[in-house]
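Here the structure is laid out as structure tokens; the discussion comes afterwards.
The values are calculated or read from the model by the stated rules, or taken from the named source; none is laboratory data. Small disclaimer: the values here were computed from a predicted structure and weren't measured. Neighbour counts are summed over all protein chains in view; Cβ atoms, including those assigned to glycine, are modelled from backbone coordinates with ideal geometry. For accessibility, only protein heavy atoms count, side chains too; no ligands or nucleic acids. Shrake-Rupley method; radii C 1.70, N 1.55, O 1.52, S 1.80 Å.
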Amino acid sequence: MTPGKFITFEGGEGAGKTTQAKMLAEALEGAGIETLMTREPGGTFGAEAIRDLVLEGTSDRWSGMTELLLMYAARLDHVEKLIKPALERGVWVISDRFSDSSMAYQGYARELGPEKVQALHDAVMDGFEPDLTILFDIDPILAQKRVETRGENLSRFDAESIAFHNTLRNAFLEIAKANTDRIFTVDAAASRDGVQTRILFAVSQKYPELAGKLGGSA
Ligand code: TMP
């Protein structure tokens, strides 16, 4: 049995990741690949309970380090119970966010520093990394407008200042620059179809055996 591939979607709020993750899952299924879509924090019963703790309440409910520990508690449950077993069965897994979010949000935007986040990551994840990451890059002001139009309840993170979201954007771009072999950045201000085309291009570039099988113009 060939193990599945682990693909993560990253970026700030309102970048359209969730919609695009669903579209990629459909494209992969269309190519005959069993695909599982999941999200972080969350994905398992325990991790979803942690999600509620971490996303609800006022911005100062948790310190940056407590937030980081909660994210990694959720992540370990998610990886052990859902992601790794699926990959071992040959299923491809798409996660709406993963560890790059901890580096960007807690490491940079919450100012814990990249070293502490990396040290915890190495201790907990033991070398487990995504095979491919799609980073959605967008101007936070445009993204905020999208979040407002969606009319959903704001999470503790949505409510942060534009300065916080600018720091976040730059952090993600730095992380992408340091991991060019794994992270592919897309301009998330483009149209829905335009973004999808870029994602399908990235996936078929990484996995040439899929070229021509994913639909779209990839
Ligand atoms: P979302 O699923 O709507 O993107 O919400 C998840 C929120 O949690 C988002 O604001 C980013 C934040 N987050 C972190 O701060 N650190 C993490 O490690 C993860 C996975 C998410």
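Does the range 51-64 include one or more residues that are part of a helix (DSSP H, G or I) and polar (S, T, N, Q)? Within the range 51-64, none of the residues are part of a helix (DSSP H, G or I) and polar (S, T, N, Q). Taking the listed residues Met37, Met71, the one that is under 17 Å from Asp100 (Cα atoms) and in contact with an Asp or Glu (Cβ under 9 Å, 6 or more places away or on another chain) is Met71, with no other qualifying.
Which ones in the range 176-202 are in contact with a strand residue (DSSP E or B) (Cβ under 7 Å, 6 or more places away or on another chain) and buried (at least 16 other Cβ atoms within 10 Å of the Cβ)?
Ala176, Arg182, Ile183, Phe184, Thr185, Val186, Ala188, Val195, Arg198, Ile199, Ala202 - these are the residues of the range 176-202 that are in contact with a strand residue (DSSP E or B) (Cβ under 7 Å, 6 or more places away or on another chain) and buried (at least 16 other Cβ atoms within 10 Å of the Cβ).
Which residue pairs have Cβ atoms closer than 8 Å, lie 6 or more positions apart in sequence or on different chains, and pair a first residue in the range 30-58 that is free of Cβ contacts under 8 Å to residues at least 24 places away in the same chain with a second residue that is surrounded by 19 or more Cβ atoms within 10 Å (Cβ to Cβ) and not in a loop (DSSP other than H, G, I, E, B)? Hits for this filter: Arg51/Ala74. Select from the range 135-163 the residues that are within 13 Å of the ligand (Cβ to nearest atom) and not in a loop (DSSP other than H, G, I, E, B) and write down the one among them that is most open to solvent (accessible area, probe 1.4 Å). My answer is Arg150.
Taken over the range 84-117, the residue count meeting the criterion of being part of a helix (DSSP H, G or I) and within 13 Å of the ligand (Cβ to nearest atom) is 12.
Every test in (1) assigned to a helix (DSSP H, G or I); (2) polar (S, T, N, Q); (3) surrounded by 18 or more Cβ atoms within 10 Å (Cβ to Cβ) is passed by Asn170 save one, and that test is (3). Filtered by the rule that a residue be buried (at least 24 other Cβ atoms within 10 Å of the Cβ) and more than 11 Å from the ligand (Cβ to nearest atom), the range 70-83 gives Val79, Ile83.
Just to verify a result, which residue in the range 30-48, among those that are farther than 15 Å from His78 by Cβ and in contact with a strand residue (DSSP E or B) (Cβ under 9 Å, 6 or more places away or on another chain), is surrounded by the fewest Cβ atoms within 10 Å (Cβ to Cβ)? Spell out the reasoning first.
Quick first cut of the range 30-48, residues farther than 15 Å from His78 by Cβ only: 30-35.
Right, trim to in contact with a strand residue (DSSP E or B) (Cβ under 9 Å, 6 or more places away or on another chain) and you get 33-35.
Working: Ile33: 18, Glu34: 12, Thr35: 21.
Selected residue: Glu34.
The number of residues in the range 52-66 being within 11 Å of the ligand (Cβ to nearest atom) and either surrounded by 21 or more Cβ atoms within 10 Å (Cβ to Cβ) or of a type in the set (Val, Ile, Thr) (or both) comes to 1. Taking the range 15-29, which residues are surrounded by fewer than 23 Cβ atoms within 10 Å (Cβ to Cβ), within 16 Å of the ligand (Cβ to nearest atom) and either in a loop (DSSP other than H, G, I, E, B) or without any contact (Cβ under 8 Å) to a residue 12 or more places away in the chain (or both)? Gly16, the sole residue that qualifies. Here Arg75, Arg61, Arg51 are screened, and the one residue that is under 30 Å from Leu142 (Cβ atoms), out of contact with any strand residue (DSSP E or B) (no Cβ under 7 Å at 6 or more places or on another chain), of a type in the set (Lys, Arg) and at pLDDT below 95 is Arg61.
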